[in-house]
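These notes concern the structure reproduced below.
The values are calculated or read from the model by the stated rules, or taken from the named source; none is laboratory data. Since this is a predicted model, take the numbers as computed values, not measurements. Cβ placement follows ideal geometry from the backbone for every residue including glycine, while neighbour counts extend to all protein chains displayed.
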Amino acid sequence: MAFSRLVPPISVDPLSTQGLRDEVRQFLDDQRAAGAFTPSVDAWLSGWDENFTAALAARGWLGMTVPVEYGGHGRSFLERFAVTEELLAAGAPVAAHWIADRQIVPSLLKYGTESQKLAFLPGIVRGECFFAIGMSEPESGSDLASVRTRATRVDGGWSLTGTKVWTSGAHLAHAFIVLARTAPLDPEHRHAGLSQFIVDLRGPGVDVRPIVSMNGAHHFNEVILDEAFLPDDMVFGAIGDGWRQVTSELSFERSGPERYLSTFVLLAACADRMAANAIPRNADLGRLVARVTGLHHMSTAVAGALERREPADIPAALVKVLGTVTEGDIAEFADLQDSPDRIFAELVRAAVDQRPGFTLRGGTNEVLRGVIARGLGLR
Ligand SMILES: Cc1cc2nc3c(=O)[nH]c(=O)nc-3n(C[C@H](O)[C@H](O)[C@H](O)COP(=O)(O)OP(=O)(O)OC[C@H]3O[C@@H](n4cnc5c(N)ncnc54)[C@H](O)[C@@H]3O)c2cc1C
């Protein structure tokens with residue numbers, strides 16, 4: 001009984017997307033040959049390249065699941081899954097549109113008003129509208145119900161005050177969806193009284209401040225909201241329904257192939273060098289390949305469940321826990337290889353640098369293990 005909940009049934013023939021995968025591979029070969037990108041580790045988070053995003057949009061590979069009436073391509077979630085898996089496996093720079101395409105599209109389709117769909121979906125499909133996520137705060141990460149950002153009712157809308165942190169790409173994105181308290185915390189019902197808002201990152205009362213990482217990269221930001229005015233039409237979903245909305249968004253955020261392919265280019269680089277006897281043969285490589293293969297099947301199964309509109313939060317959490325540990329193990333395995341190759345060393349350095357974030361972002365593995373245990377009725 002437990003197993004049917006851990007991995008949903010795979011109801012589609014994975015080979016049905018083979019033609020699409022071939023097209024994406026050809027596109028990626030052409031882009032690499034033209035020098036449009038150099039494969040890198042964790043490129044879905046740190047590879048912000050708006051030209052590459054525009055090239056994908058021109059091929060119809062952004063907003064694939066957006067219905068045609070909103071400028072989209074009306075394709076299936078599984079087709080999107082095949083395209084994103086190929087892009088990630090190639091280490092392509094997809095960060096600019098990643099959040100918008102991955103979770104803002106399904107959230108807008110589910111909770112957005114007609115005018116919000118018309119305002120944002122066509123721009124996302126064209127690769128011209130980028131989003132960030134405004135959930136975490138200085139004292140609130142795993143326990144999101146404790147967010148202190150407050151939205152107060154004012155004439156014609158809402159006034160938002162608070163601080164968001166670790167906001168990936170807020171300095172480059174156009175808007176972010178903010179989780180805020182619209183009613184005081186009730187200790188008996190901690191998840192009540194939360195709401196979401198679509199906030200223009202360049203709007204008045206919004207100050208985006210950089211947080212520079214130890215390796216010198218600017219990826220994170222702190223976003224200060226100081227009585228930022230939001231008109232009523234930027235309320236996202238229903239007032240008071242923020243918790244339910246956020247948690248449904250998390251299935252999309254947690255289950256995708258970016259949770260096991262962040263270091264795939266490094267795994268492939270290890271395999272290439274081992275095959276060429278440039279690094280010593282080691283059976284652990286095969287073990288890592290087997291783990292990634294299993295994760296591919298599990299994530300495909302979750303994509304199928306999302307396509308069927310079935311709840312998939314527990315399997316998504318499982319993919320994320322197992323996948324992010326595997327990504328880190330690939331970094332560690334590659335770091336143990338003694339290779340003078342400069343390109344290889346650069347990939348290893350990037351993977352080791354990024355590794356601590358793998359099991360934190362999108363919910364920590366400790367917390368997700370609790371989610372899985374609860375889903376299985378074990379706690
Ligand atoms: C690369 C990266 C990108 C990110 N991008 C964004 C973004 O764009 N937008 C955004 O809103 N946030 C973002 N985050 C923040 C991320 O969601 C939080 O870091 C994460 O939710 C954990 O919250 P925290 O850092 O406050 O840690 P805490 O919640 O303070 O946790 C600290 C430690 O305590 C453990 N812990 C906490 N509660 C429990 C529990 N109940 N049981 C067991 N252990 C527990 C955790 O596992 C962790 O090890 C990003 C983080 C990273 C690393």
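Which is crowded, with 17+ Cβ neighbours inside 10 Å and either within 16 Å of the ligand (Cβ to nearest atom) or of a type outside the set (Val, Ile, Thr) (or both), of Leu285, Leu360?
Of the residues listed, the single one that is crowded, with 17+ Cβ neighbours inside 10 Å and either within 16 Å of the ligand (Cβ to nearest atom) or of a type outside the set (Val, Ile, Thr) (or both) is Leu285.
Among the residues of the range 138-151, which ones are crowded, with 20+ Cβ neighbours inside 10 Å and within 13 Å of the ligand (Cβ to nearest atom)?
Hits for the range 138-151 are Leu144, Val147, Thr149.
Only one of these is within 19 Å of the chain's Cα centre (by Cα) and either in contact (Cβ under 8 Å) with a residue 40 or more places away in the chain or not in a helix (DSSP H, G or I) (or both): Ala301, Ala278. Name it.
Ala301
Looking at (1) farther than 25 Å from Thr293 by Cα; (2) touching a Leu at 6+ places or on another chain (Cβ under 7 Å), which is the only condition Val12 fails?
It fails just one condition, (1).
Test each condition in (1) free of Cβ contacts under 8 Å to residues at least 40 places away in the same chain; (2) under 20 Å from the mean Cα position of the chain (by Cα); (3) outside any loop (DSSP other than H, G, I, E, B) for Arg309 and report the one that comes out false.
Going through the list (1) free of Cβ contacts under 8 Å to residues at least 40 places away in the same chain; (2) under 20 Å from the mean Cα position of the chain (by Cα); (3) outside any loop (DSSP other than H, G, I, E, B), Arg309 breaks only (3).
Tell me the strands (runs of 3 or more DSSP E) entirely within the range 94-173 that contain at least 3 residues that are under 21 Å from Phe252 (Cα atoms). Before you say what the answer is, go through the steps one by one.
Details: elements: 131-134, 150-154, 157-165.
Per the criteria, 131-134.
Provide a single number: the residues in the range 337-379 that are outside any loop (DSSP other than H, G, I, E, B), over 23 Å from Pro8 (Cα atoms) and out of contact with any Lys or Arg (no Cβ under 7 Å at 6 or more places or on another chain).
Step one: of the range 337-379, the residues outside any loop (DSSP other than H, G, I, E, B) are 342-358, 365-375.
If we keep only those that are over 23 Å from Pro8 (Cα atoms) too, we end up with 342-358.
Remaining after also requiring out of contact with any Lys or Arg (no Cβ under 7 Å at 6 or more places or on another chain): 342-343, 345-358.
Here the count works out to 16.
What pairs come up if the first residue lies in the range 27-54 and is assigned by the TED database to the domain that holds Leu360, the second is hydrophobic (A, V, I, L, M, F, W, C), and their beta carbons are under 9 Å apart, counting only those six or more places apart or on different chains?
Qualifying pairs under 9 Å: none.
Is there any pair with a first residue in the range 141-165 that is in contact (Cβ under 8 Å) with a residue 40 or more places away in the chain and a second that is of a type in the set (A, V, I, L, M) and assigned to a loop (DSSP other than H, G, I, E, B) whose Cβ atoms are under 7 Å apart and which are 6 or more apart or on different chains, and what are they?
Once the first residue is in contact (Cβ under 8 Å) with a residue 40 or more places away in the chain and sits in the range 141-165, its partners that are of a type in the set (A, V, I, L, M) and assigned to a loop (DSSP other than H, G, I, E, B) give Leu144/Met135.
Only residues that are touching a Pro at 6+ places or on another chain (Cβ under 9 Å) and among the hydroxyl-bearing types (Ser, Thr, Tyr): list them for the range 258-307, please.
If the condition is that a residue be touching a Pro at 6+ places or on another chain (Cβ under 9 Å) and among the hydroxyl-bearing types (Ser, Thr, Tyr), then Ser299, Thr300 are the ones that fit.
Pro280: surrounded by fewer than 23 Cβ atoms within 10 Å (Cβ to Cβ) and closer than 21 Å to Arg374 by Cα, yes or no?
In short, no.
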